[in-house]
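For reference, the structure is listed below as structure tokens.
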Amino acid sequence: MKKMFLVFILLLPLITSFYSATIASDIPSEDSEELRLQDMLMNMLTPYIENDLQNFYTPNIVENFSPAVAPWKIEVLETKRINGFRGFHLQITFEIEPTDGGH
């Protein structure tokens, strides 16, 4: 039992360092064509997203709350063509982190 516990304790730093390196590698560290296109899409859609956030939060939260979203706080989770190959009706699923805009 002591040997298994000792092995676990010795392997724990190795496992956690591998896990944190894997998480850190998901964050882009340099510019790419895909990243620029995603940023352009977010810039174009941000006004519509903010309008939807305003409509969602206004009845539920106090009236002086003004939700805001930064384009870099939007992550594209999934894109799907609605009307087949090369169709221009797209469904995009986002993960958004809204803020209250204040400090």
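Before moving on, here are some points about what is shown:
- Count of the range 48-59 residues which are closer than 19 Å to VAL76 by Cβ and loosely packed, with under 10 Cβ neighbours inside 10 Å: 1
- The range 74-93, subset modelled with pLDDT under 85 and under 10 Å from the mean Cα position of the chain (by Cα), residue surrounded by the most Cβ atoms within 10 Å (Cβ to Cβ): ILE74
- Residue match in the range 64-73 (condition: within 20 Å of the chain's Cα centre (by Cα) and either modelled with pLDDT of 85 or more or of a type in the set (Gly, Ala, Ser) (or both)): yes
- Selection from the range 32-44 of residues that are touching a residue at least 24 places away in the same chain (Cβ under 8 Å) and closer than 16 Å to THR79 by Cα: GLN38, ASP39, LEU41, MET42
The values are calculated or read from the model by the stated rules, or taken from the named source; none is laboratory data. Bear in mind the structure is a predicted one, so any value in this text is a computation, not a measurement. When we count neighbours, we look across all protein chains shown, and the Cβ atoms used for this are built from the backbone with ideal geometry, even at glycine.
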